[in-house]
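Working notes for the structure below.
The values are calculated or read from the model by the stated rules, or taken from the named source; none is laboratory data. Since the model is a prediction, treat every value here as computed from it, not as a measurement. When we count neighbours, we look across all protein chains shown, and the Cβ atoms used for this are built from the backbone with ideal geometry, even at glycine.
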Amino acid sequence: MTEILGLYNYWIVIFLMMTGFYIVIARENLIKTIIGLNIFQTSVFLLYITMGKVTHGTAPILKASHGGESHGVEGHGADHGHELHVAAEGHVDLGVDAVKEVYSNPIPSVLMLTAIVVGIATTALALALVVRIREEYGTIEEDEILEMDRNS
Amino acid sequence: MMDFIVIPILALLAATAVTVARIRNLWAAVMFTGIYSFLSASWMLILDAPDVAFTEAAVGAGITTILMLATLSLTPRRQRKSGRLSSEDFEERPSKSPLVPLLIVTITGCALVYGTFDMPHFGDPNAPIQVYPNPSFVEKSQPDMHGLPNVVTAVLASYRGYDTLGETAVIFTAGIAVLLILRKNTDDQSSSESQSVTGENA
């Protein structure tokens, strides 16, 4: 049972991704196509973020009160579940100090922050192109534009 | 306990995506896209990525929606002499048979699901992504950054600082490109008709 349930997040992401893909290829309105691309893009963000999650982990923001020097305060405030976890996998993302805290992976977050900002840039460019196409052709339906191109 | 929050969010995400695919009114579709962004930001927060959640809520749900609404206001389907537009002017035309796209999407989805059988399970601490690099950025960043608590900020602004610089270059380039595309070139011979189109929309 856990074999199946362990992958549910990928399947949800794939469903969202395919919905965006469907909008892109099935709809002929240019703005709708850009909306589909946006949905696809957001589901890719979700795919990466789900990979970085660690069970019982927390956001990768370190506890500031324990500096790099406080190696002595072992295990204080950590419940047994976390401690067991850490003992089993000594190399997962632990805090620098020996306080037993499990952090989720920060690297997918960093990559997706970059991707979100680049995504808004491409979306803005695409929407500007749509406005320009509307000025030239008077429509934003793909088949009408193609027909005009064929007739001219 | 967390499942009571996660499962409704995921169900709403799926429902919103399907609604966007089905609805024909473009204003409503844009609004649903904003809702979709907010819901995905909520899920990201649960998945321990607060920085991405904030950015997604601000950029995905905020700026993208504003840009799309601005584009919609410039692209009605037909012009009215009175200048007043109704909601029908922002509906897309009914599409042709959706069978072929549905088939393509289903096949692609099945191939992707088949691909996930090799993926590590959700939350697995031994997944390759958690094991490399070793020592991880979480361990390295606090001594390197003199006690900066947020690891995401440390990696984004310092370890991957050049990448972030390149990102600002991308934004700058996109801004210039948008300005060039939307510029009104008055010395063009076709300017009279394009001017009239934009003039009525303004």
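Could you please let me know if B:ILE9 is surrounded by fewer than 24 Cβ atoms within 10 Å (Cβ to Cβ), at the interface with chain A (Cβ under 7 Å from one of its Cβ atoms) and not aromatic (Phe, Trp, Tyr)? Talk me through it step by step, then tell me what you get.
On the way: surrounded by fewer than 24 Cβ atoms within 10 Å (Cβ to Cβ): yes; at the interface with chain A (Cβ under 7 Å from one of its Cβ atoms): no; not aromatic (Phe, Trp, Tyr): yes.
No.
May I ask you to say which residue of B:VAL138, B:VAL170 is in contact with a strand residue (DSSP E or B) (Cβ under 8 Å, 6 or more places away or on another chain), β-branched (Val, Ile, Thr) and closer than 26 Å to A:VAL118 by Cα?
On the way: B:VAL170 fails: in contact with a strand residue (DSSP E or B) (Cβ under 8 Å, 6 or more places away or on another chain).
Residue meeting the stated conditions: B:VAL138.
Filter the stretch B:132-187 down to the residues that are under 30 Å from A:ILE133 (Cα atoms) and facing chain A (nearest Cβ under 7 Å), then identify the one that is modelled with the lowest pLDDT. So that I can check it myself, show each step before the final result.
Step one: filter the stretch B:132-187 for residues under 30 Å from A:ILE133 (Cα atoms), giving B:166-187.
Now restrict to residues that are facing chain A (nearest Cβ under 7 Å): B:167, B:170-171, B:174, B:177-178, B:181-182.
Values: B:GLU167: 92, B:VAL170: 93, B:ILE171: 93, B:ALA174: 94, B:ALA177: 94, B:VAL178: 93, B:ILE181: 91, B:LEU182: 88.
Applying the filter and picking the extreme gives B:LEU182.
Scan the stretch B:67-126 residue by residue and report those that are at pLDDT 85 or above and farther than 29 Å from A:TRP11 by Cβ.
B:LEU67, B:LEU69, B:ALA70, B:THR71, B:LEU72, B:SER73, B:LEU74
Count, please, the residues in the stretch B:120-144 that happen to be in a loop (DSSP other than H, G, I, E, B) and exposed (fewer than 15 other Cβ atoms within 10 Å of the Cβ). Step through it out loud before you land on a result.
From the stretch B:120-144, those in a loop (DSSP other than H, G, I, E, B) are B:120-122, B:124-127, B:132-136; that's our starting set.
Pick out the ones that are also exposed (fewer than 15 other Cβ atoms within 10 Å of the Cβ) and you get B:126, B:132-135.
Counting residues in the stretch B:120-144 that are in a loop (DSSP other than H, G, I, E, B) and exposed (fewer than 15 other Cβ atoms within 10 Å of the Cβ) gives 5.
Condition check ((1) at the interface with chain A (Cβ under 7 Å from one of its Cβ atoms); (2) in contact with a strand residue (DSSP E or B) (Cβ under 6 Å, 6 or more places away or on another chain); (3) crowded, with 23+ Cβ neighbours inside 10 Å) across all residues:
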{"residue": "B:ALA15", "(1), (2), (3)": "no, no, no"}
{"residue": "B:ASN25", "(1), (2), (3)": "no, yes, no"}
{"residue": "B:THR33", "(1), (2), (3)": "yes, no, yes"}
{"residue": "B:PHE38", "(1), (2), (3)": "no, no, no"}
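In the stretch A:125-141, is there at least one residue being more than 9 Å from chain B (Cβ to nearest Cβ), surrounded by fewer than 17 Cβ atoms within 10 Å (Cβ to Cβ) and at negative phi?
Yes, there is a match, as at least one residue in the stretch A:125-141 is more than 9 Å from chain B (Cβ to nearest Cβ), surrounded by fewer than 17 Cβ atoms within 10 Å (Cβ to Cβ) and at negative phi.
Report whether or not B:GLU56 is modelled with pLDDT under 85, within 25 Å of the chain's Cα centre (by Cα), buried (at least 18 other Cβ atoms within 10 Å of the Cβ) and within 7 Å of chain A (Cβ to nearest Cβ). Break it down stepwise before answering.
Values: modelled with pLDDT under 85: no; within 25 Å of the chain's Cα centre (by Cα): yes; buried (at least 18 other Cβ atoms within 10 Å of the Cβ): yes; within 7 Å of chain A (Cβ to nearest Cβ): yes.
Considered against the rule, which asks whether it is modelled with pLDDT under 85, within 25 Å of the chain's Cα centre (by Cα), buried (at least 18 other Cβ atoms within 10 Å of the Cβ) and within 7 Å of chain A (Cβ to nearest Cβ), B:GLU56 comes out as no.
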